[in-house]
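The values are calculated or read from the model by the stated rules, or taken from the named source; none is laboratory data. All figures in this text were calculated on a predicted structure; none of them were measured in a lab. Glycine gets a Cβ as well: all are built from the backbone with ideal geometry, and neighbour counts include every protein chain shown.
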Amino acid sequence: MVIDSQPDLQVVGEASDGLDAVRVVTSTPCDVVLMDVRMPGLDGIEATRRITAAAGGEGAPRVVVLTTFDLDEYVVSAIGAGASGFLLKDAPPEELLAAVRTVHAGDAVIAASSTRRLLQHVGPMLRAGAAAPAASAQTLPTDLTPRELEVLECMAHGLTNGEIAQRFFVSEATVKTHVGRVLAKTRSRDRVQAVVLAFSAGLVQPGDVLRDAR
């Protein structure tokens, strides 16, 4: 009801469980999937993994995981499965709608209550291999420029494009260009996957503080 009330959004399919979700997505073209976690038969994490792995990930819809359980392991598992977003079911409607539009635009979103934990607690779990990075390698590409590495570090600390632009005294358009190059070079579908790689490669570690950019 919330989604269909929007002029630019339309529900094209519904599924009762994980297996049904994979079947529906396979047969029904869609851009974004809202995925539950705990479901009979096949849970939402594995369903997300299968959906995002379809056709090698090319053209696969982006997944926003919705759950009532605000637990670290769900955040890690969802990200490792290729989800582009993670929200709690009690998020207000406007936050849910914003998340759908955000991931459709190629960005990524994690519930505000989970973002800090991703940096403080989930980071070590990622580095320990609890969730594989989106990129195929555990190391950063050697062709990332110093500025692109700085932008990736800022992304890993949860800074928005606008905040990164203010930090480096450049336009937001310039930051978007840098972010696009980072995603392309790391072969990440979105910011979350690039952040996973940043943790896994050791660019960012829990407790790190962003250095003064000046």
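Among the residues of segment 164-192 satisfying the criterion of being at pLDDT 90 or above and within 16 Å of V204 (Cβ to Cβ), which is surrounded by the fewest Cβ atoms within 10 Å (Cβ to Cβ)?
Among those that are at pLDDT 90 or above and within 16 Å of V204 (Cβ to Cβ), it is R167.
Is it true that R181 is closer than 20 Å to A83 by Cα, of a type outside the set (A, V, I, L, M) and under 19 Å from the mean Cα position of the chain (by Cα)?
Against the criterion (closer than 20 Å to A83 by Cα, of a type outside the set (A, V, I, L, M) and under 19 Å from the mean Cα position of the chain (by Cα)), R181 does not qualify.
Would you confirm, using the coordinates I've provided, whether P206 is modelled with pLDDT under 90 and surrounded by fewer than 20 Cβ atoms within 10 Å (Cβ to Cβ)?
The answer is yes for P206.
I'm checking my understanding of the structure. Among residues of segment 68-90 that are touching a Leu at 6+ places or on another chain (Cβ under 7 Å) and at pLDDT 80 or above, which one is surrounded by the most Cβ atoms within 10 Å (Cβ to Cβ)?
L87
For segment 12-56, name all the residues that are part of a helix (DSSP H, G or I) and within 20 Å of L88 (Cβ to Cβ).
From segment 12-56, those part of a helix (DSSP H, G or I) are 18-27, 44-56; that's our starting set.
Hits for segment 12-56 are G18, A21, G44, I45, A47, T48.
Answer yes if at least one residue in segment 48-61 is modelled with pLDDT of 90 or more, closer than 24 Å to S200 by Cβ and in contact with a strand residue (DSSP E or B) (Cβ under 8 Å, 6 or more places away or on another chain), and no otherwise.
The answer is yes; a qualifying residue exists.
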